[in-house]
Amino acid sequence: MPIFEDAPAVDLENELKIVMAKDTDNKISAATRLGQRSLSKLKPDVAVPTYDRGSVGVGIVHFGPGAFHRGHQACYIDTLLAGDPRWGICAAELKGRGQADVLREQDFLYTVAELELQPRYRIVGSMKEYLAAESDAGSIFARLVDPAVKLVTCTVTEKGYCLDGAGGVDLKNADIAHDLANPHAPSSLVGWIAEGLRRRRAAGLKPFIAMSCDNVAGNGHKLRKAVIGLVEAAGEKDLAAWIADSVRFPCTMVDSITPAANDELKRSVAAATGLYDEAPVHREKFQQWVVEDILGADGPDLARVGADMTRDVEAYEHAKLRLLNGAHSTLTYIGLLKGCVSVDKAMAEADLARFVEEMMRQDVVATLRPVAGFDFSDYISAILQRFRNPALTHLLYQIASDGTQKLPYRILDVIADALAAGRPIVRLAVPVAAWMRFVRREANEGRKFADPMSDTLIEIGKSCTGQAAADLPRFFALETVFKPALVKDPRFVSEVAKAYDRIGGGTYFPA
Ligand code: CS2
């Protein structure tokens, strides 16, 4: 149920868009819609762009402008624009329209609510335009060959890279097959970047920097491999060599907890800011962006706005993906089995919170390479504190999505490292078994998975008996999730089996 009815009117005197608002008691009142002209009506403590948006140029094309991009990268760029107007963002939606129409109505402005005990509201102005590939492909290509665009970024999640189990581009993937047949009208992110670079080279221009901002391991390497793999599969050796030699694909580590928005957020943002926003974002105050220091003079000066520039992103990335995201997934699958709905509620289960902390401190840290000036113990304490944030409701079902894509780099790689070093994996096996139990429960209760392998998961879940000996092989057959060497290791199989049977008997944690 929309809380603000779709009955826009106009305040003729001020030329402001008005929407009708329904509060929780169903009372209808009028609210002014967020937009460039209505900024002066914001409550005084709301931060607004301090630069002239009219003189901002487009220097970045971003594919996949969902909530995470708008709450993270776009905020850094918003700060940057105050000192350097070249880096406005052209948002490009690959499938469907996303928030293109809603944000156009708001002159591409939206609210970011930083939710802590003392919330902070900020209007972000770094988005200059929002194009949808289905209707604006020509305009996106025009941006990709514009010499002023020096950086192309993306947040399309792991599945957007269309890689197969061996890490190469998956030629059987429907989007990749489409892009091979129609290179000039691409459908996947990989195809779009390849075609952008193809056109750039044909026009005699320098390539753009292609930077992944996805929360996945080795994101820059994955993007590079996928793009070069696609071009090679198309038989374009020269283009592949040009890309390999001259295109920079920096790796990045991104961090800021960003729950999916809901109607309640629209209501609270309107109350707190004084303007109605149809596409607000909420996140925690904390944000971190570690960027491989290879942007050079062509790229934006991200260090100036708080990004950590380093040659060793991998060390930060492992720490973040394994400690924060590994713990998130662990809290999620066990929490959902225990009947919790959100991260803060899962953290309120004392045994679960204690277990996750022990796993982080005793098992995960041992697999991490030390990082100069970085204290893992403090980092873990800060993460646990962030998970307890009472002002942010982060639904476990959101984190549970795409388990087949997330488990490998969040948990299974940690297990492989621990086994290689001869360390115990008693605790680390628990989230794997909890995920399997979760899959079984969801399939049997008729819920759909938000996962690219949902059909297979439903089939597996329904065929499970509840006994490890019969059920585990069904999961282990998922080769893109479980590497063959891991499922051949009897230590792995036996610990996951013990945890699976124990959880089935109602005991979540090892003695
Ligand atoms: C979460 C992440 O949904 C998930 O899988 O673990 O989105 C997490 O909130 C972010 O990585 C935090 O930076």
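The values are calculated or read from the model by the stated rules, or taken from the named source; none is laboratory data. Keep in mind the model is a prediction, meaning the values are calculated, not measured. All Cβ positions, even for glycine, are placed from backbone atoms using ideal geometry, and neighbour counts span all protein chains on display.
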| message | Just to be sure before I move on: is residue 451 surrounded by fewer than 16 Cβ atoms within 10 Å (Cβ to Cβ) and within 25 Å of the chain's Cα centre (by Cα) in the structure I sent? | response | no
| Can you find a residue in segment 467-478 that is under 30 Å from residue 420 (Cα atoms), touching a residue at least 40 places away in the same chain (Cβ under 8 Å) and not aliphatic (A, V, I, L, M)? | no
| message | Among the residues of segment 378-394, are any of a type in the set (Phe, Trp, Tyr) and either within 24 Å of the chain's Cα centre (by Cα) or surrounded by fewer than 16 Cβ atoms within 10 Å (Cβ to Cβ) (or both)? | response | yes
| Output for segment 299-317, where each listed residue is outside any helix (DSSP H, G or I) and small (Gly, Ala, Ser) | 299, 306, 307
| Members of segment 391-425 that are among the acidic types (Asp, Glu), assigned to a helix (DSSP H, G or I) and either within 17 Å of residue 336 (Cα to Cα) or within 16 Å of the ligand (Cβ to nearest atom) (or both) | 413
| task | Answer yes or no as to whether residue 366 is among the aliphatic types (A, V, I, L, M), assigned to a helix (DSSP H, G or I) and over 24 Å from the mean Cα position of the chain (by Cα). | result | yes
| query | Are any of the residues in segment 322-329 crowded, with 20+ Cβ neighbours inside 10 Å, farther than 19 Å from residue 257 by Cβ and modelled with pLDDT of 95 or more? | reply | no
| Out of all the residues in segment 158-215, which are touching a residue at least 40 places away in the same chain (Cβ under 8 Å), among the aliphatic types (A, V, I, L, M) and farther than 30 Å from residue 317 by Cα? | 180, 185, 203, 205
| task | Pick out the one residue from 218, 274, 235, 296 that is among the small types (Gly, Ala, Ser), within 16 Å of the ligand (Cβ to nearest atom) and at positive phi. | result | 218
| request: Filter segment 240-264 down to residues that are crowded, with 19+ Cβ neighbours inside 10 Å and more than 16 Å from the ligand (Cβ to nearest atom) and give me whichever is farthest from residue 191 (Cα to Cα). | output: 250
| said: Of everything in segment 301-337, what is farther than 18 Å from residue 72 by Cα, in contact with a helix residue (DSSP H, G or I) (Cβ under 7 Å, 6 or more places away or on another chain) and not hydroxyl-bearing (Ser, Thr, Tyr)? Give them in sequence order. | reply: 319, 322, 323, 326, 327, 328, 331, 334, 335, 336, 337
| task | Please go through segment 455-485 and pick out each residue that is buried (at least 20 other Cβ atoms within 10 Å of the Cβ) and assigned to a helix (DSSP H, G or I). | result | 457, 461, 468, 471, 472, 475
| Limited to segment 323-356, what total is found for residues that are away from the ligand (no atom under 12 Å from the Cβ) and part of a helix (DSSP H, G or I)? | 16
| Here are 94, 117: which of them is surrounded by fewer than 23 Cβ atoms within 10 Å (Cβ to Cβ), touching a Phe, Trp or Tyr at 6+ places or on another chain (Cβ under 7 Å), on the phi < 0 side of the Ramachandran plot and assigned by TED's automatic domain parsing to the domain that holds residue 210? | 94
